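**Q** Got a structure for you, written out below as structure tokens; questions coming shortly.
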Amino acid sequence: VQLQASGGGLVQAGGSLRLSCAASGRTFSRYVTGWFRQAPGKDREFVTAIEWNGAAYYADSVKGRFTISRDNAKNTVYLQMNSLKPEDTAVYYCAAAPLLGIPTMRNVASYNYWGQGTQVTVSS
């Protein structure tokens, strides 16, 4: 599976962005796909993940502002980010794994495949 993340950019606080993660591979629709982010000088952290059936999980810091979705026909997962804050500034990565339990979805080490990252910058 190869992943290609896109959609990052510069936005003012309170604005919105939509990230996309396009995947190759016929079995991608059965994979768990997650979004992680990494700010300068910080560890990569979990943002959200979605199972093949659409069940979604969020970090507390983005709950109610971010929405993950997937279009299996297009092999693409989306991250709609609303009410952006300066602290959301980071490089955002999408990742995928064939089978994950709920407790392990938040762990960087659980994912087999990673996209290249896309920069999101939120100005105050």
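The values are calculated or read from the model by the stated rules, or taken from the named source; none is laboratory data. The model shown is predicted, which means the values in this text are computed figures rather than measured ones. Neighbour counts are summed over all protein chains in view; Cβ atoms, including those assigned to glycine, are modelled from backbone coordinates with ideal geometry. Ligands, DNA and RNA are excluded from the accessible area calculation, which covers all protein heavy atoms including side chains. Shrake-Rupley method; radii C 1.70, N 1.55, O 1.52, S 1.80 Å.
**Q** Kindly provide the set of residues from segment 5-15 that are aliphatic (A, V, I, L, M) and open to solvent by less than 30 Å² (accessible area, probe 1.4 Å), ordered by number.
**A** Hits for segment 5-15 are Ala5, Val11.
**Q** With Arg30, Arg18, Arg44 as the choices, which residue is open to solvent by 40 Å² or more (accessible area, probe 1.4 Å), in contact with a strand residue (DSSP E or B) (Cβ under 7 Å, 6 or more places away or on another chain) and under 21 Å from Ala109 (Cα atoms)?
**A** Within the list Arg30, Arg18, Arg44, the selection yields Arg44.
**Q** Could you list, in sequence order, all residues of segment 79-124 that are in a strand (DSSP E or B), within 22 Å of Val32 (Cα to Cα) and out of contact with any Lys or Arg (no Cβ under 6 Å at 6 or more places or on another chain)?
**A** Correct list: Leu79, Met81, Val91, Tyr93, Cys94, Ala95, Ala96, Ala97, Tyr113, Trp114, Thr118.
**Q** Return a yes/no flag: does segment 46-63 have any residue that is closer than 13 Å to Gly115 by Cα and β-branched (Val, Ile, Thr).
**A** No, every residue in segment 46-63 fails to be closer than 13 Å to Gly115 by Cα and β-branched (Val, Ile, Thr).
**Q** Among the residues of segment 83-122, count how many are open to solvent by 60 Å² or more (accessible area, probe 1.4 Å) and either more than 13 Å from the chain's Cα centre (by Cα) or not hydrophobic (A, V, I, L, M, F, W, C) (or both).
**A** The number of residues fulfilling the criteria is 14.
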